[in-house]
Every structure is written in C-alpha cells, then in structure tokens.
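A short write-up of the structure that comes next.
The values are calculated or read from the model by the stated rules, or taken from the named source; none is laboratory data. As the structure is a computational prediction, the values presented were derived from the model and not from experiment. Don't worry about glycine lacking a Cβ; one is built from the backbone with ideal geometry, like all the others, and counts go over all protein chains shown.
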Amino acid sequence: MDDILNVQNLETRFKVKGGWNHAVNGVSFRVSEGETLGIVGESGCGKSVSVMSITRLIPIPPGQITAGTAMFGGRDLLKLSDQELSKVRGAEIGMVYQEPMTAFNPVLSIGRQLTEPLEVHQGLTRQQANARAEELLSLVGIPNPKERMRDYPHQFSGGMRQRAMIAMALVCSPKLLIADEPTTALDVTIQAQIVRLVKELRQQLGMSIIWITHDLSLIAGLAHRIVVMYAGYVIEEAPIKKLYANPSHPYTMGLLNSLPRLDESEHRRLESIDGLPPILHKKPSGCPFAPRCRFVVERCHREVPALLTVEEDHRAACWVNPHTRRER
Amino acid sequence: MSENLLQVKNLVKYFPIRRGVLLKRDVGYVHAVDDISFNIMKGETLGLVGESGCGKSTAGRTILQLYRPTSGRVLFEGEDLASLKGQALRQKRRKLQMIFQDPYASLNPRMTAGDIVGEPFIVHRLAQGTQVQKEVMRLFSLVGLNPTFINRFPHEFSGGQRQRIGIARSLALNPSLIVCDEPISALDVSIQAQVVNLLEDLQAQLGLTYLFIAHDLSMVRHICTRVAVMYLGVIVEIGGRDALYQTPLHPYTHALLSAVPIPDPVKEEQRQQNIPLTGDVPSPIRPPSGCRFRTRCPLAAEICAEQRPELLEKAPGHWAACHMV
C-alpha cells in the first residue's frame, strides 16, 4: 500500500541554558493508507516532538528542526511555508490532544469551534457548516447534538470533550489523524468508549492514524504497526503481533515485562528497568539505552546502533540479539 | 483468620457547597463517601479501586482523619479515630501514614530531602540532632536512595526518586498501616515497576499493611490480597482478589474489568467486545435514588430505583451490593 506519510531522518532540538537538548535524533517512520501506527515511549522520549515537528507545532524558537523530510501527499511538510502548512493542518491532518480542556477555546461554544475550520478550509456557509458540525457530533456519539452545540467546553464531561475534540479533528475529513495520548486523562471505561469510537470511525472513514501513547496495553488492541522510541531514537519497529510475540530490543522487552497483566495466573515479580532515561544535552556516542541495559557489550558504548532487520518488517536498533545474547 | 487492624463502620463524608458572600449558606452537599464499611486485616493489602470522582481518595483521607468524617467510625487498635482530637490523635497518627499521588506536590520544595524524611522525628520529638541524621540515612538506604543525597532538594530528584522520598517519610515512625493514594500513577511505566517492587519488599520486610488506592486494575490485581470497588461514594463489591477478578458479581465490576486492555494483540483481537458502559458518572451532588449505578447498569430494574441495595455476602468473603445478583 502507498505511504501517506513518510518521515526520514528527522532531527529536532531545543535551545536550553548553555546548549541544546537533542529531543529527536534522526527519526524515520512511515504510515500507509488506512493504517494505524502506534508510537510508544515514556515521557521525554521524543514521541510527541517528532510528530509535532512534522506539523511544525513546536515552538520555534527555542525549537529547531535541523534535518529531515516529511513527505505527505507529494509535498515535504518541512519545506512548506507557514501559509501552505496551515492549509494542511486541520484540513488534511486532524489532531487530537491529551488534555481536552486546554485544547478547546473556553470562550467559544463547541459548535463554533467545529464550524470555524469548515468555513476557513472548505468555504462553507454558516448554515452548511452548522449542519455538518451537527452530523459530526452525532457521529462521535454526543446525544442531542443540536442543543449541545450551543454549550461551552466546561459544560461537557471529560469523555464528551474528548469526543468533541475527535469531531473537531475529523471536521474536514482528514487523510491522517494524529492522536497524542488522547485517552491518558480519562477513566478506563471512558477510554474503552473512545478506543471503540476511533476503531469504528477509521473503518467508516478509511483514514490513517498515528496514535502516540506510553500505554503498551491500550495500543495492543488498536494499532497495526508500532514504533518504539527511546531518547529521541526509534529503537524498534514492527507489525503489532511480531512486536509483542518477539520483542527484540532490551528496552521493549523490559517495558513489556514491567507491566502487570490482567490475564496472568501466577504472581510474578515485575521486571523493572533500573536507572532513568537520559536527557540528551549532547548526542550520545553509543547506544542511549546502554547505561540501563542488561545485555550491554563493549560496542554499545562506541557506536549508536542502526536499525537492523530482525525479520521482514521487523527492525531493532541493538547490536546484541537479546534472545541469544550474541552480537547480531 | 488474621485479626483486624482497622475497621471502618458506616463512614460518611459530605462536602458542603456554599453560596453567598456575607450570608453563607449551604445549598447542597457533595456526597463524596456515603456510608461505607470494611475491615483491613493485619499484613494484607486492600485495594480500593474506582474511577475518578468515586470517592476513593476521600475515603483514604477520611480514614486518616485528614478530613473529619460527617458520621461513622474508624476503629484502630480499639479506639475510634473519629472521636479523637489533639494530642491523642497525633499519637495514633504515628501508626497511620500516607503516600501521596503526586511526588511533585507532596514534598516541600524548600526543604532538603533529608529534612523532609527527618521531620516526623522532630514533630513527634522522638529523636534529635545526629540521631535524626542516622535514622534518615537508614531510611534512605531502606528505600533504595543513595544516603549521600540527603542534602539535595526535591527538584534535583526524578519522579521515581521523589516517590521514594515520600515512602521513606511515611516509614519514619514505624507505622502499621500505610494509605497509598495512587502512588504510581504519576510515574513512567518502567519506574512504576521499581516502586511497586519496593512497596512489596518493604511489606515483607516490615510487616506493613497497605490500603492501596488506585484506578489501574491490572496493578491492583498484582499487588493486593483483597479488593474493594467503589462507585459514586459507595462500595459496590468487596472480596478476595482472585474471586473478584475471576468471578466478579456486580455489573459495575464486570464493566470495569472488561474495559481493561491486555498488552497482547492476539488476546485483544479474540476478546469478545463486552458491552461497554455508556454515558458518564452522575453528579455526586444529586446521586441517583436507590442503586447509584442504575443509570448506567445493563441489568437495572424497577427495584433498583426504589431501594438502595445492601452490601451482602454472596459467597464466603465476597460481598456485593446489587439487587440482581
């Protein structure tokens, strides 16, 4: 299938006191048509910054995109002018954020926030836009959409706000939906509702999705393919089943083993990853995970591992095969 | 059967809603905790789970008398904490400690880590000077912090390390019960396991009893021996961990468990999609009559609106509050 988005060698850094913080260091990933890509990692691993860099929603300065391409529909998003890019954002790429309260404008009604992009991007009249917004709110399961459009964000509950935000992201029928931890602030039952909604919508509308999360449990039932990030690097990439059945980077293995599972019969001690994720004031000379890794060999400190093929479609950035403990 | 360490009897906590500037009057109450009763046995870990706003944190704080209960009793070592005041309460509090959710907000940024952990000794006049320092060093190594860090300030530590400081502080006075209020939910995944393992080790080492308040049902299953499920201020089900997770009785527990994702794409695919809960939690200011869960319950019948279901023992040690099971 064709790639809808292809990001190559993206590098983003932020100016901090006395130097740079290297948030994204040569990240490459692609999303094909109709595919849901999960980008997984802990806080500070660069997962949000990577995706925000593509849509240039990072603050510049202090941020700076120093290298890379992001091909989307035949254009490089990183080379578009601000004006051209704002035609893409909201129209061809829809976005959903973690905190539904701060992502809405508190002084505009929900309805107005839904109709605005329709008037701006698609040139609809107010009546047409209202009708379409109403349709979308009922699509995402908000009861009495006509009345609720007059409400302000604070009158919605957390789950409803997240539904409304999804409606807002879908308002111009985007080809790509970027969801940045959209359920992290929600309770499990509401989270399950939102995940179900997104699955239904992607089937109906056939869009591609990038779902950013730290939750390996949630993404297991949602994504087709996973990219695992650590310290600004992609460290493993695989189709969903291969990743969970055969994690091939020590970090991915550690993450999976540190999760308690509802389907486990025996009490086992959780495996913890010692130490802390690094803050990259300078680019590391070796593998960024080496100081916390159980399988570390001398080469890990010397060379940043490339993404090596484990099997078809499955790649891991590790000099050692953690299953055999031999160098690849 | 081991002995009870703490008994909670008909505990109620309402928060008044006030209107008016000069002539303040109560216009209603948030029914945060509405008549809950349970026991905590010595050496066990009781999980208290539920969604946000169900009153689980309020219950924890009311047990410790950080909020004074509206009514009800909290019996600890034969005394009702709710009736104690001043010095008598302070004495009891040495045995009851708390670990807070937010390791950023629960440590005073102007105190060094050593002072934070040593403060309980000063407050209770149990040690002085170098003796405090010695105790602090001991506690630091107990929770896996480098004792040379005692002069650092909280902002110099990571989230997981800060939570260790909070744990060290709670252990200072040799408590018998620790209320852990979402102790890991603010931490990163790989750090969560570190802290949970530490809590388990400390329990084995020191014979601690935990009340573990959390919304992460997988983690609660991992760490707890018994679990109580709360919904809108009431306990809807309480029982041994395995019974509750394998044969949940209350429809709310069913719904909660079916919403928990499993980190396995094959199992997620096979899982038949249970009917998820629709709608939102009603307001605790005007909770529904009868059973509080009836507005979202797939089994709701007429009786549910009329009569509040009692928490009844449906199987040995397994209690549920539902007319339909």
Checklist entry - Between residues in the range A:211-230 that are more than 16 Å from A:Leu201 (Cα to Cα) and residues that are crowded, with 24+ Cβ neighbours inside 10 Å and of a type in the set (Lys, Arg), which pairs lie under 6 Å by C-beta distance while being six or more apart or on different chains? => result A:Ile212/A:Lys47; A:Met229/A:Lys47
Item to check | Whichever residue in the range B:275-300 is closer than 12 Å to B:Met324 by Cα and away from chain A (no Cβ under 14 Å) and, among such residues, is nearest to the chain's Cα centre (by Cα) | outcome: B:Cys291
Checklist entry - Does the range B:248-259 include one or more residues that are touching a residue at least 24 places away in the same chain (Cβ under 8 Å) and more than 13 Å from chain A (Cβ to nearest Cβ)? => result yes
Checklist outcome for this item: Among helices (runs of 4 or more DSSP H) completely within the range A:214-328, the ones holding 3 or more residues that are out of contact with any Cys (no Cβ under 9 Å at 6 or more places or on another chain) and surrounded by 13 or more Cβ atoms within 10 Å (Cβ to Cβ) are A:216-220, A:240-245, A:250-257
Checklist entry - If A:Ala179 satisfies every condition in (1) in a helix (DSSP H, G or I); (2) at pLDDT 85 or above but one, which is the exception? => result (1)
Checklist outcome for this item: Of the listed residues (A:Gly41, A:Gly34, A:Gly94), the one being surrounded by 18 or more Cβ atoms within 10 Å (Cβ to Cβ), under 28 Å from A:Arg161 (Cβ atoms) and more than 12 Å from the chain's Cα centre (by Cα) is A:Gly94
Checklist entry - Can you find even one residue in the range B:77-94 that is buried (at least 16 other Cβ atoms within 10 Å of the Cβ) and closer than 27 Å to B:Arg221 by Cα? => result no
Checklist entry - Identify, please: which residue in the range B:171-198 is more than 11 Å from chain A (Cβ to nearest Cβ) and farther than 21 Å from B:Thr58 by Cα and is, among those, surrounded by the fewest Cβ atoms within 10 Å (Cβ to Cβ)? => result B:Asn174
Item to check | Single condition A:Met101 does not satisfy, out of (1) surrounded by 22 or more Cβ atoms within 10 Å (Cβ to Cβ); (2) at pLDDT below 85; (3) not acidic (Asp, Glu) | outcome: (1)
Checklist entry - Are any of the residues in the range B:100-113 assigned to a helix (DSSP H, G or I), modelled with pLDDT of 90 or more and either among the hydroxyl-bearing types (Ser, Thr, Tyr) or more than 17 Å from the chain's Cα centre (by Cα) (or both)? => result yes
Checklist entry - Restricted to the range A:84-98, and to residues that are assigned to a loop (DSSP other than H, G, I, E, B) and at negative phi, which residue is modelled with the lowest pLDDT? => result A:Gln98
Next on the checklist: Could you check the range A:126-175 and list, in sequence order, the residues that are surrounded by 18 or more Cβ atoms within 10 Å (Cβ to Cβ), farther than 17 Å from A:Tyr97 by Cα and among the small types (Gly, Ala, Ser)?
Outcome noted: A:Ala129, A:Ala133, A:Gly141
Checklist entry - Which condition number in (1) modelled with pLDDT under 85; (2) surrounded by fewer than 19 Cβ atoms within 10 Å (Cβ to Cβ); (3) more than 10 Å from every other protein chain (Cβ to nearest Cβ) is the one that A:Ala185 fails? => result (3)
Item to check | Residue that is nearest to A:Asn6 (Cα to Cα) [pool: residues in the range A:192-215 that are facing chain B (nearest Cβ under 8 Å) and over 16 Å from the mean Cα position of the chain (by Cα)] | outcome: A:Arg196
Next on the checklist: Yes or no: the range B:82-96 includes at least one residue that is within 20 Å of the chain's Cα centre (by Cα) and over 20 Å from B:Ala172 (Cβ atoms).
Outcome noted: yes
